[in-house]
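Note sheet for the following structure.
The values are calculated or read from the model by the stated rules, or taken from the named source; none is laboratory data. Please read all numbers here as calculations on a predicted model, not as lab measurements. Reconstructed Cβ throughout: ideal geometry from the backbone, glycine too, with neighbour counts over all protein chains shown.
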Amino acid sequence: AQSVTQLGSHVSVSEGALVLLRCNYSSSVPPYLFWYVQYPNQGLQLLLKYTSAATLVKGINGFEAEFKKSETSFHLTKPSAHMSDAAEYFCAVSPGGADGLTFGKGTHLIIQP
Amino acid sequence: EPEVTQTPSHQVTQMGQEVILRCVPISNHLYFYWYRQILGQKVEFLVSFYNNEISEKSEIFDDQFSVERPDGSNFTLKIRSTKLEDSAMYFCASNRDNSYEQYFGPGTRLTVT
């Protein structure tokens, strides 16, 4: 069984500040981890993925995430927030292959001018 | 860039009616999925489909739901007798063989009145 916990349903940062969105997971097998972004009235877009290669994963739009097995975490970061980053962010876990993704509840990122 | 498409974008139906939601996955993908997102809640896995049969389904995917790949391009989700609680955004996703990242469509918003 797998689960994902995203701490903070809403995170607010100033434009240009560091973005940190937290994700902790539990998985009975080595996990594959993903971050998806959802802009208003749109579908889910893959930001980045961890599939047991490098623990520091770089994604699109300047985002990156680090897989820490000892902490069962996969936090998403971006050094400098941009107004266009305002969106809902979902962390997801999968045992791999064709299995369905298990999503966290999402974190709404608000960017203050 | 190839993308997953879904029709219609919005479907309104009366309780008890049957609805069919349609998806066209990316053409060289072999695994297909349906997820739903009730307003304000997390994305939930419904079912995965491979080689013309269901691979995995969640407890949400009861006898009211069915999936079909009627031809070489479409992938459909049928709800036989809709209930008010079926109101949600329904997302279709697909991925390649041996690939872990799922590509999502823009979703169909189903409103049951």
task = Inspect all residues belonging to the range B:57-68 and state whether any of them is more than 11 Å from chain A (Cβ to nearest Cβ), farther than 20 Å from residue B:108 by Cα and either among the acidic types (Asp, Glu) or assigned to a strand (DSSP E or B) (or both).
result = yes
message = Which count do you get for residues in the range A:40-56 that are under 14 Å from residue A:78 (Cβ atoms) and more than 12 Å from every other protein chain (Cβ to nearest Cβ)?
response = 1
query = Among the residues of the range A:6-23, is any closer than 19 Å to residue B:34 by Cα, within 11 Å of chain B (Cβ to nearest Cβ) and surrounded by 13 or more Cβ atoms within 10 Å (Cβ to Cβ)?
reply = no
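Rundown of residues vs (1) within 14 Å of chain A (Cβ to nearest Cβ); (2) surrounded by 13 or more Cβ atoms within 10 Å (Cβ to Cβ); (3) modelled with pLDDT of 95 or more; (4) outside any strand (DSSP E or B), yes/no style:
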| site | (1), (2), (3), (4) |
| --- | --- |
| B:26 | yes, yes, no, yes |
| B:36 | yes, yes, yes, no |
| B:46 | yes, yes, yes, no |
| B:49 | yes, yes, no, no |
| B:97 | yes, no, no, yes |
| B:100 | yes, yes, no, yes |
| B:111 | no, yes, yes, no |
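Filter the range A:57-101 down to residues that are assigned to a loop (DSSP other than H, G, I, E, B), among the hydrophobic types (A, V, I, L, M, F, W, C) and within 21 Å of residue B:29 (Cβ to Cβ) and give me whichever is farthest from the other protein chains (Cβ to nearest Cβ).
Our first condition is that a residue be assigned to a loop (DSSP other than H, G, I, E, B); within the range A:57-101, this holds for A:59, A:63, A:69-72, A:79-82, A:86, A:95-101.
Still in the list and also among the hydrophobic types (A, V, I, L, M, F, W, C): A:63, A:81, A:86, A:98, A:101.
Checking which are within 21 Å of residue B:29 (Cβ to Cβ) leaves us with A:98, A:101.
Details: A:98: 5, A:101: 6 Å.
Across the range A:57-101, the extreme among qualifying residues is A:101.
Only one of these is in contact with a strand residue (DSSP E or B) (Cβ under 8 Å, 6 or more places away or on another chain), farther than 22 Å from residue A:112 by Cβ and hydroxyl-bearing (Ser, Thr, Tyr): A:72, A:77. Name it.
Values: A:77 fails: farther than 22 Å from residue A:112 by Cβ.
Selected residue: A:72, the only one of A:72, A:77 that is in contact with a strand residue (DSSP E or B) (Cβ under 8 Å, 6 or more places away or on another chain), farther than 22 Å from residue A:112 by Cβ and hydroxyl-bearing (Ser, Thr, Tyr).
How about the range A:3-49: which strands (runs of 3 or more DSSP E) wholly inside it have at least 1 residues that are farther than 15 Å from residue B:42 by Cβ and β-branched (Val, Ile, Thr)?
On the way: elements: A:3-5, A:10-14, A:19-21, A:24-26, A:32-38.
Qualifying strands (runs of 3 or more DSSP E): A:10-14, A:19-21.
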task = Return yes or no: is residue B:18 surrounded by fewer than 12 Cβ atoms within 10 Å (Cβ to Cβ), away from chain A (no Cβ under 11 Å) and closer than 21 Å to residue A:94 by Cβ?
result = no
